[in-house]
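Data block below; observations after.
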């Protein structure tokens, strides 16, 4: 189920897998039990893996057995597009990214209390 994010969600969208400069230096990448490298562990869920955006990262060509290094996977076209879309086309990002990486109203995000 792909829901269109609201303008407020887009404004509050701050992917934890990216730094403010849009570089993958935030959260550590995840390696799934089935041998795929993902930008974060939240993408490794049966419901999430059916999303078209996430499916591109689960291509058999990106399986760790089919690559020499993790860098080969991260530098792949599918990975680069996924990460680029987080920065430049957030409205096209996976639903789980908005659920887990919005700065306001997210129960999974540590909130600072004044």
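The values are calculated or read from the model by the stated rules, or taken from the named source; none is laboratory data. Remember, it's a predicted structure, so these values are computed and weren't measured experimentally. Backbone-built Cβ (ideal geometry, glycine too); neighbour counts: all protein chains shown.
Just one residue in the set 55, 113 is at pLDDT below 85 and more than 13 Å from residue 14 (Cα to Cα); that residue is 113. Of the residues making up region 86-105, those that are within 12 Å of residue 17 (Cβ to Cβ) and assigned to a helix (DSSP H, G or I) number 6. Could you please tell me which pairs satisfy a Cβ distance under 6 Å, a separation of 6+ or placement on different chains, a first residue in region 86-114 that is over 21 Å from residue 47 (Cα atoms), and a second residue that is modelled with pLDDT of 70 or more? Listed pairs, sorted by first residue: 103/12; 103/14; 104/12. When 47, 68, 95 are checked against the criterion of being at pLDDT 95 or above and either surrounded by 15 or more Cβ atoms within 10 Å (Cβ to Cβ) or within 20 Å of residue 35 (Cα to Cα) (or both), 68 stands alone in meeting it.
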